[in-house]
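Working notes, beginning with the structure itself.
The values are calculated or read from the model by the stated rules, or taken from the named source; none is laboratory data. Computed from a predicted model, the values in this text were never measured in an experiment. Every residue, glycine among them, receives a Cβ derived from its backbone with ideal geometry; neighbour counts consider all protein chains shown.
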Amino acid sequence: MINAWIVPASMFSLMFAMGLTLTLDDFRRVLALPRATVVGTGVQLVAMPLVGLGLAHAFDLEPLLAAGLVIMAACPGGVMSNMFVHLGKADTPLSITLTATATAVTLITIPLWVRLVLAEAGPAAAGVEMPVLETALRLGTFTVLPVAIGMFSPSPSVSC
């Protein structure tokens, strides 16, 4: 019950509330200075999985644990990271942009990282699969969609 309804509804609600505080101009500012987005996406998609791969080698993890660690390191940030950025009054549009960008690109990068780790593992990792498209769609459903709905919702008029 909690995992099926309450957690997803809470995540959606948090992102919707963030969307209520954002405008298109916030995202235009992010796009006008793309260096932070490019660097952040690169770190998320290349550096983090390399660190995971390095840790897997350093601790001599079994193939499936190594694959899991690299997959986790390669996954984009999500609702909770965006929420903490927002609560910390940091750059919420940049955080959401990084989540959306990394989510889109991970459709390609995660299978590549998984193949690399599993190739190193050999036959011990046979049969390992990851629903990459489903994972990316869920992340988009809980990040981009509720923010967009919140951003484009009509503001309630307050009268005294």
Pairs needed: first member in segment 5-27, in a helix (DSSP H, G or I); second member anywhere, polar (S, T, N, Q); C-beta distance under 7 Å; at least 6 residues apart or different chains. M15/N82; M15/T143; M18/N82; M18/T92; L20/S153; F27/T97
Leading residue by the ranking (nearest to V46 (Cα to Cα)) among those in segment 58-98 that are of a type in the set (G, A, S) and at pLDDT below 90: A74
Conditions: (1) surrounded by 15 or more Cβ atoms within 10 Å (Cβ to Cβ); (2) of a type in the set (G, A, S); (3) out of contact with any helix residue (DSSP H, G or I) (no Cβ under 7 Å at 6 or more places or on another chain). A58 meets all but one. Number of the miss? (1)
Considering P76, P49, P93, which residue is in contact (Cβ under 8 Å) with a residue 24 or more places away in the chain and part of a loop (DSSP other than H, G, I, E, B)? P76
